[in-house]
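To keep things clear, I will list the structure first and then write my remarks on it.
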């Protein structure tokens, strides 16, 4: 085990452990101590990680996730939230649904959020045709499958009744005449809904600028934390930390965070990014 502590600009601490999360959660976290978990476990679709084998038999993979869920349920508060990012590939689209069914043994599926990475919209508005083509995705060369520009975020809770701060990530009303029809309109915002467009940042060098093959943007983690409720969130955990994007979000929000990672190269990169930001 190796621990790296990084202070935020406020009063919070980011604790990063180079350790298996199943061991680390039981060793370092108290029961019912975590408010929010934002994470993305391996998808088991053959992603080329440095050390982890991402192509084990499906039953073995789901059993491993079940073991993870048992330990996670112990450290999560009764009113806590898990935001579990799961993707797939066109030739193996069942993975997210099989993971959701495994999680069903331990948690309630309170919300299903669709993370849109790229989108094309053609819209006629006020007599003008508007085209919007934004985002990034990995194109595939296939006569059978369409490009995959979307992933799931399963919002899991213990009882399915966690109250959320929906307007913390709200969006403005397009037609302000509708505001008075809804109580939430008092802030001029409406609920964003369950379809979130959160693109990756444009990069020049894939290996240098995004060295982890399956990371999500820090902005996505930030939105999840805000949705749960910033005022009631004291500790966030990411058991599959990767290069630390959940920790980056916590640092920006000045919230305590614990992260676990088994790959030293990804761990070192997370530390570098967080410390580099401190020195900026």
Ranked packing of 113-120, 264-271, most packed first, by mean Cβ within 10 Å: 264-271, 113-120
Residues in the range 102-118 reached by a label modelled at residue 197 [backbone nitrogen below 11 Å; 7 Å Cα→Cβ]: 116-118
Reduced Cα scattering model of the range 227-280, Debye log10 I(q)/I(0), q = 0.25, 0.29 Å⁻¹: -0.96, -1.15
Order by protection proxy (mean Cβ within 10 Å, highest first), peptides 250-261, 129-140: 250-261, 129-140
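Read-outs: derived from the displayed coordinates by stated rules, not from any lab. Predicted, not measured: the structure shown is a model, and the values here were computed from it. Neighbour counts are summed over all protein chains in view; Cβ atoms, including those assigned to glycine, are modelled from backbone coordinates with ideal geometry.
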